Structures are given as C-alpha cells and as structure tokens.
Amino acid sequence: MKKSLVQKYNVPGPRYTSYPTVPYWNEENFDTIRWIETLKKSFIESNLEGGISLYIHLPFCESLCTFCGCNKRITKNHDVENPYIEGLLKEWNLYCMILKEKPIIKEIHLGGGTPTFFSDKNLEKLITGIFDKAIKASNYEFSFEGHPNNTTKKHLQKLYDLGFRRVSFGVQDYSEKVQKAIHRVQSFHNVAKVTFWAREIGYTSIGHDIIFGLPFQVVEDVIDTIEKTKSLQPDRLAFYSYAHVPWIKGNGQRGFKETDIPKEEKKRELYEIGKQLLYDSGYFEIGMDHFALKNDSLFESFQNKSLHRNFMGYSSSKTKLMIGLGVSSISDSWYSFAQNVKTIDAYYELLKNNTLPVFRGHILSKEDLIIRYHILNLMCQFETSWKNKEYFFDEIPEVINQLQEMKNDGLLIFIENGIQVTNVGKPYIRNICMAFDLLLKRKLPKTALFSMTI
C-alpha cells in the first residue's frame, strides 16, 4: 500500500452499519407513533419474505475491556440477570401486542456486553420466552458472542439445543503486553478450548474477532495471533481496526497513552501483513474487514450477492425488519430507525409503565433510502450502480466528480452508470462510501464523531 494513499485518505469516517449514520438522524421528525407505523408496514412485508431479525443486547460484563466501544455495565453481581431477562421479555411482549400476528423469526443475535455473563438457564429462559410468542423460520440463523474466559460447555450445548449454530469469540490479540493494556487477558488455551467444544457439539460456523491497531501491537504480534488462529481454523474472521474514540467512551478508552497506539503506515502495515496471512490460509475477503472460508455461509452469500449489513454487522441473510431488544439496542424497520434508552434504570422505568423504551430515531426519506441502497451495495458487494432510474439521484454528477480522484488513485473503476471497487480500494471502502453520504457532506462535523478510516 502506498504511504501517500494512507496519509491522504486517513480521515475520520463512519463505519456505515446504517445510513443515515446515527449522528445525522433527524430526531425532531421522529416519534414513537411514526416508528410503530413503519414497524407494522415492515412486519407485514418481512413475514411475506420469510421472517424478521432480533438483536438482543446483554450489557453486563465482569470486567472492563478498554478497547471496547459498546454499551456495557460492569458488575460481578449476577443477581442482575433475572430482572434483565424479565425486562427483555416484557419489551418483546409489548412489540408482539403491537404486531398482533405471531412473528416468524429468521435471525437472532445475542450481543453485548458479554452474553455468556448470563447462566445457561437464564439464556434458555430468554429464548424460550421469545418463542412462546413467535415461530421459528425454516431457514433460521441464530448466533451469539462468547467470551473465551467464561463460555462454558453448558452454554454452548444449551444454546445449540435452542437452535444456535453460529458463535463468535472475541480474541483481539494473543500478546500478553497488548492484552494487559486493553484489560482483556485470555490465553490461547481458553480460546482453543471453547472452539473445540463448539465444533464437537456441532456448531456450523465458528468465528474469531481479531483487532489490529491496538496499543503496543507490533507486526510480530499480528503474525503470532493469526498463526495461532490458523491452527484452530475458525470458519470466519473479523479482522478489524481498533476504533479509538475516547471523546465518546471517556476513561474506558484512556487506559493507555496516544503514543502507545500504532498510527497510519504502521497501523496499515499490521492490516496488510495480517490480510496476506489470511489469504495464504484459505480465507476470502468478505465485505469490510471480514474473512471467511469457502464452507461458511458468509462466503456463499457474498458470492451470490445476498450479503447484508446492519447494526449486527454482516449477515448471510437479509430481513427487512430487525427489532432490537435491551438497553441501547437499535431497531431497523428499513423505513426508520429507533434506539432504546441507554441506562438500565430508565429502561426498567419505561417498561414498568408499559411503554416501549425508545428515546430517539430517524424516519428515512426517499433520498435516504436511495443513498442507503448505494452504501449497502458498496459495503457488501464492493460495487454499486444507478443504471436503474429508481437509484439515480440529482447529486450523482457531484459524486462522480469526487470519485474521479479515487479512480486516479486506483481505488475504483467506472462502469456504465456505476462503479466497482478495486482490490487496492477495498481498505478505503469507508472513504468511497463517504462520497455518497449527502448528509455528511452537507453538514461536516465541527467536532470528532468518528474513528479514523485507515
């Protein structure tokens, strides 16, 4: 990778798990009544198309990982489990009362926090409670995030028995120095143990999450981590950039000095070396920062252009409606977004009053839907087209003009009424998407909102 390109394109930018991105939501034009209207519309369409998705946020962790930007609550008190499960089921009941018909659930993802903070019995209570009022789709895909230090064989077996076939384990890096800096100490032995257990039980997709650009991380650490990962042969990998956003997450991301974090060329070198090692090990690049073996459903969906991206990350199946349960969860009806309150006390208080715990959102305009289409195509397929008049918008000439410089730098090529991202351009996919982001261009942020793109 040319150093000049890294220097040129390393700017703050969104990760595009949604469009519009959260800082550009029009909250004044949003209310719960409008959210419910779009929810009902999307529910009917989704049931006709095979079902809906659920994202369930389980926020509790026993210790703070200082690299993490997620909404979490640190506690060793497991008495918090039951009230939270009850809250989730009450929120689900409120949605079921609105929807009236039994939802068909195609996709569930348990995220956190640490989902395996909860006992296997409480996770069973949660999932069986969900399906007391729902139907499992024939082609369902259920997944969860497991912490290698506290995921037990009971967790894995219980969730498998409940229909879960995909699990991802947070690895980050195997260097002891890096692990201590980010307060996430876990041995290769623990990761290997849970990986082997999952495979033995019958999980069909096992994923590992690895981060580059962590404090004190050097090339030798990335090589060692990927060589160890290669020996376990996970079906898919997230190999993504550490997002340093201390202005958002406060002291949780200030456990090390700025000078301890690899920057620009050094950081990109970690990615390029790691990516080549993954290629050499039989992994294929899928979307942004994701890799999969040929046997994994993520590879298949990338090949047949059915890959989808939302607040849960990349998914091998697309649903129009995704309901988010739990504190800070974001729901997506395709026509609007709605986010839950971020504190547990506020969450419980609203549920006690039989009120959906939504506190902000965005109703997508016609323009938003068109731009969302292009950004999703770029993030999932590395290409997009406005050949169909339905996806043309007035600012296309302006976008093309901005993309011309990226074409000159070898990041993309122009095709008839569209663009394709080159292999050189894939690391800069966020920058390419930003050329289409009309809201970002109309209102450039005066303060830091996003992590760096490179």
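The values are calculated or read from the model by the stated rules, or taken from the named source; none is laboratory data. Owing to the predicted nature of the structure, the values given are computational and were not obtained by experimental measurement. Here the Cβ is made from the backbone with ideal geometry for all residues, glycine too, and neighbour counts use every protein chain on show. Calculation scope for accessible area: heavy atoms of the full protein, side chains included, ligands and nucleic acids excluded. Shrake-Rupley method; radii C 1.70, N 1.55, O 1.52, S 1.80 Å.
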(request) Would you mind putting 400-407, 369-376 in packing order, based on average other-beta-carbon counts within 10 Å, highest first? (result) 369-376, 400-407
(request) Quick one: which residues, 5+ away or cross-chain, put their amide H under 5 Å from the amide H of Gly112? H built at 1.01 Å from N. (result) Leu58
(request) Compute the Cα gyration tensor for region 116-274, then decide on rounded, prolate or oblate, letting a ≥ b ≥ c be the square roots of its eigenvalues: rounded whenever a/c is under 1.5, prolate when a/b is larger than b/c in the other cases, and oblate in all that remain. (result) prolate
(message) Quick query: amide H of Leu364 versus all other amide H atoms, modeled in the peptide plane; which residues come in under 5 Å with a sequence gap of 5 or more or a different chain?
(response) Ser336, Phe337
(request) List nothing, just return the count: lysine pairs in region 257-329, 8 or more apart or interchain, with Cα separation under 18 Å. (result) 9
(request) Report, ordered by chain and residue number, the aspartates and glutamates lying within cross-link reach of Lys352, taken as a straight Cα distance under 14 Å and ignoring same-chain residues fewer than 8 apart. (result) Glu86, Glu91
(request) Would you mind getting the accessible area per residue of region 322-377, heavy atoms of the protein chains only, 1.4 Å probe, in Å²? (result) 33 Å²
(message) Give me the percent of accessible area attributable to carbon and sulfur for region 142-300, probe 1.4 angstrom.
(response) 53 percent
(message) Output needed: percent of Cα pairs per 10 Å distance bin for region 310-411, bins running from 0 to the one holding the longest distance.
(response) 12, 33, 27, 17, 8, 1
(message) Nearest 5 percent is fine: what portion of the DSSP beta bridges confined to the chain is antiparallel?
(response) 40 percent
(request) Mind checking the full-extension length gain between Asp260 and Lys294? Use 0.36 nm per residue of separation minus the Cα-Cα distance, one decimal, nm. (result) 8.6 nm
(message) Within region 59-144, count lysine pairs with alpha carbon atoms under 26 angstrom apart where the residues are 8 or more positions apart or belong to different chains.
(response) 28
(request) Counting residues in region 87-177 as N, plug N into 2.2 N^0.38 Å and put the Cα Rg over that result. (result) 1.21
(request) Please give the contour-minus-distance gain from Val11 to Asp224: 0.36 nm per residue of separation, less the Cα-Cα distance, rounded to one decimal in nm. (result) 73.8 nm
(request) Just name one of Tyr55, Ile344, Met434: the one whose Cα is farthest towards the positive end of the charge dipole of the chain (beta-carbon charges, Lys/Arg +1, Asp/Glu -1). (result) Ile344
(request) Read phi for every residue in region 17-24 and hand back ³J(HN,Hα) as whole Hz from Karplus 6.51 cos²θ - 1.76 cosθ + 1.60, θ = phi - 60°, with x for Gly and Pro. (result) 6, 8, 9, x, 6, 3, x, 10
(message) Can you compute the modelled spin-label distance between Lys41 and Glu398, with each label point 7 Å from Cα toward Cβ, in nm?
(response) 2.6 nm
(request) Per residue, how big is the convex hull around the C-alpha atoms of region 387-454? Give it to me in cubic angstrom, could you? (result) 101 Å³
(message) Let me spell out the model: positive unit charges on the Cβ of Lys and Arg, negative unit charges on the Cβ of Asp and Glu, origin at the Cα centre of the chain. What dipole size does that give, in debye rounded to 20?
(response) 300 debye
(request) List every residue whose amide H lies under 5 Å from the amide H of Gly146, counting only residues 5 or more places away in sequence or on a different chain, with H placed 1.01 Å from N in the peptide plane. (result) Ser168, Phe169, Gly170
(request) For region 414-430, just list the computed ³J(HN,Hα) in residue order, Karplus coefficients 6.51, -1.76 and 1.60, θ = phi - 60°, integers in Hz, with x standing in for Gly and Pro. (result) 8, 10, 4, 6, x, 9, 10, 7, 7, 4, 5, x, 4, x, 10, 4, 5
(message) Could you tell me which residue out of Gln186, Thr152, Ser119 lies farthest along the dipole of region 119-224 toward its positive end? Charges go on the beta carbon: Lys and Arg +1, Asp and Glu -1, centred on the Cα centre.
(response) Ser119
(message) Taking the Kirkwood radius as the inverse of the mean 1/r across Cα pairs, report the Rg/Rh of the chain.
(response) 0.94
(message) Please compute the per residue accessible area over region 49-198 with all protein chains in place, 1.4 Å probe, rounded to a whole number of Å².
(response) 39 Å²
(message) Straight-line reach from Lys193: which lysines fall under 18 Å, measuring Cα to Cα and dropping same-chain residues less than 8 apart?
(response) Lys153, Lys154, Lys158, Lys228, Lys230
